[in-house]
Structure formats: C-alpha cells, structure tokens
Amino acid sequence: MSEQSFSGGPPVAPGGPSSQPGSARVRIVGALVAFGALVGIGAGAWYALQKAPEAPGLPAATEPAAVRPDAGAAPVEPPPSVPEGDSRVRQNVTSLSSDPEFAKWLGVEGLLQRFTTAVGNIADGESPRMVLSFMGPTEGFQVVEDQGKITINPSTYERYDPVARVIGSLDVQKSVAAWREIKPLADRVYVEIAPPGRAFEQTLSLAIQHLLNVPVPPEDVEVTERGALYVYADPQLEGLSRAQKHLLRMGPRNMQLIQSRLRELQTALGLPMGGH
C-alpha cells in the first residue's frame with residue numbers, strides 16, 4: 001500500500017476529485033457548498049467556481065438598462081449597499097452559533113452579494129467557489145494506492161470537519177427566524193442577477209434539493225487515472241454536477257450531518273421536498 005499526498009493534488013477533470021500540482025491550486029471546496037445552502041438560510045455567504053481564476057471576488061456589478069416606470073406601479077427599492085447588507089446580516093445571525101469559525105465567516109465583506117450569487121450557482125449545478133473561497137481548506141488532497149486500486153485518503157475528508165462542526169452547531173429555528181428577517185434584503189440583491197421569472201426563495205429551494213440529491217458514498221471512494229487526471233470510478237458520482245461534487249468531497253460522515261440539517265431547514269421553511 002502506498003500513500004500519495006499532493007499540496008495541490010493531481011490534475012483533475014472539471015469538478016473531479018483533485019486538482020493540479022505545480023500551478024495555482026484549484027482547491028477542493030465541498031465544505032463551501034454545504035455552508036452556502038445551510039448557512040445561507042440564516043447567514044448569507046456562498047461561492048462560485050470557474051476553473052481558471054484563483055482569486056476570490058464578488059461578481060462585477062452591471063448597469064441595468066433604463067426602464068420607464070409604470071405610473072401605477074409601486075417604486076422598486078434598490079439593493080442595499082454592501083455595508084448595509086453586511087450590517088443587517090451580522091445583526092441577525094451572530095447568535096446562531098458560538099463557534100469561532102462561524103465568526104470568521106461573518107467577517108468577510110459582501111455577505112448578501114456572496115450569498116445570493118452562490119445560491120444561484122448551486123441551484124444551477126455550478127460551483128460557488130469564487131465568492132466563498134475564503135472557506136477553502138489549506139491542506140492537500142491525498143490518495144491511497146493498494147493492489148492497483150486508488151482511493152481517496154480518509155484524512156482528506158478531515159479538512160472539512162470544521163465546516164461540518166459549525167453547521168452542526170447552528171440552531172435551526174433561530175436560523176429560520178434570521179432568514180425571515182434577511183429575506184427582503186436578499187430579494188432586493190437577487191433581482192439584479194435572477195433568471196427571468198425566478199424568485200429567490202425558489203432558487204434557494206432548488207439549491208437545497210440539489211445538494212440533498214447527492215448520494216452518500218462508501219468511506220473508500222475509488223478514483224481512477226484518466227491521462228493526467230483523477231476522476232471518480234463510479235459513473236454515478238462522476239456524473240454529478242460541480243456543485244454536488246463539492247459536497248461529495250466532504251466525505252460520508254460530514255455529508256450525512258449536513259444533509260440531515262438541510263432536511264430540517266427544508267421542513268422548517270416549508271420548502272417543497274423531492275424533485276430535481
């Protein structure tokens with residue numbers, strides 16, 4: 001048996017289980033996906049990944065086209081400023097968990113903007129790495145080779161234990177109450193980027209269900225080499241979306257904890273269950 005450790009991991013297919021050595025690391029951020037769907041309900045921080053850029057950042061603001069106001073329509077409130085949104089979010093969610101890691105997450109700028117962008121990405125199956133990359137693990141990806149079989153080293157999953165710990169510490173009912181307070185602000189931010197005809201609560205529901213649809217794998221997840229890449233040996237796992245693969249990378253134990261809490265929140269919010 002041999003163990004391989006990669007500070008950046010081997011090269012990977014988009015959304016695959018590892019990343020490329022010797023270049024800017026595209027980090028495995030399954031923890032971020034789970035945080036987005038869960039804490040987004042009560043806090044508002046999410047992320048988006050495209051394979052090229054490494055530096056995190058908020059999506060660039062776009063100038064909306066001028067629209068002649070309807071004489072009988074109520075005025076539409078502009079989205080809150082970043083400082084206003086951050087202040088309101090922190091005011092409502094600080095008490096949800098006493099875990100120091102949670103306090104660090106709430107210290108970043110642009111919580112509402114990150115939240116709404118990332119929830120939209122997850123609902124569409126895309127990775128929200130870019131706006132939540134501050135939560136990414138720093139340790140390297142590891143595999144174990146034994147008699148020609150390559151599996152993900154279980155220690156790799158431990159990198160996401162802090163995120164799962166925070167999620168497990170969140171009070172569901174307080175999270176729902178906080179979401180009710182934050183929702184009007186989130187709606188105002190989301191309308192700037194929303195697909196036509198989609199309300200933010202619908203997008204949130206889609207994002208949560210998308211993560212609940214991820215199957216919990218066995219502890220020893222097998223990967224195979226495809227040229228210079230590692231991909232999941234199980235076609236069902238390899239066929240998951242980028243967003244779902246991020247949750248998958250947290251490992252079975254962390255996944256079960258997070259999905260259990262997501263189901264509690266789904267029920268408490270009265271969101272539809274099942275579906276795509």
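Values quoted throughout were computed directly from the atomic coordinates according to the rules given, and no laboratory measurement underlies them. Bear in mind the structure is a predicted one, so any value in this text is a computation, not a measurement. Glycine gets a Cβ as well: all are built from the backbone with ideal geometry, and neighbour counts include every protein chain shown.
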Original post:
Which residues in segment 76-95 place their backbone N less than 18 Å from a point set 7 Å from the Cα of Glu192 along the Cα-to-Cβ direction?
Top reply: 76-90
Original post:
Roughly how many nanometres apart are two label points built 7 Å out from the Cα toward the Cβ at Asp124 and Leu271?
Top reply: 1.8 nm
Subject >> Anchor Lys245: aspartates and glutamates whose Cα lies under 13 Å away (excluding residues fewer than 8 positions away in-chain) >> reply: Glu126, Asp234
**OP:** Can you grab the distance from the C-alpha centre of segment 206-263 to the C-alpha centre of segment 101-174, Å, no decimals?
**Re:** 12 Å
Original post:
Spin-label point model (7 Å from Cα, Cβ direction): what's the Glu219 to Val82 distance in nm?
Top reply: 4.5 nm
**OP:** Mind ranking 217-227, 261-271 by how tightly packed they are, going by the mean number of other C-beta atoms within 10 angstrom, highest first?
**Re:** 261-271, 217-227
**OP:** Search the structure for amide H atoms under 5 Å from the amide H of Arg226, placed 1.01 Å from N in the peptide plane, and list their residues when 5 or more places away or on another chain.
**Re:** Val231
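Calculated FRET efficiency, Asp146 and Asp99, Cβ-Cβ r, R0 35 Å, to nearest 0.05? Working shown, then result.
Values: r = 36 Å, r/R0 = 1.03.
Result of the calculation: an efficiency of 0.45.
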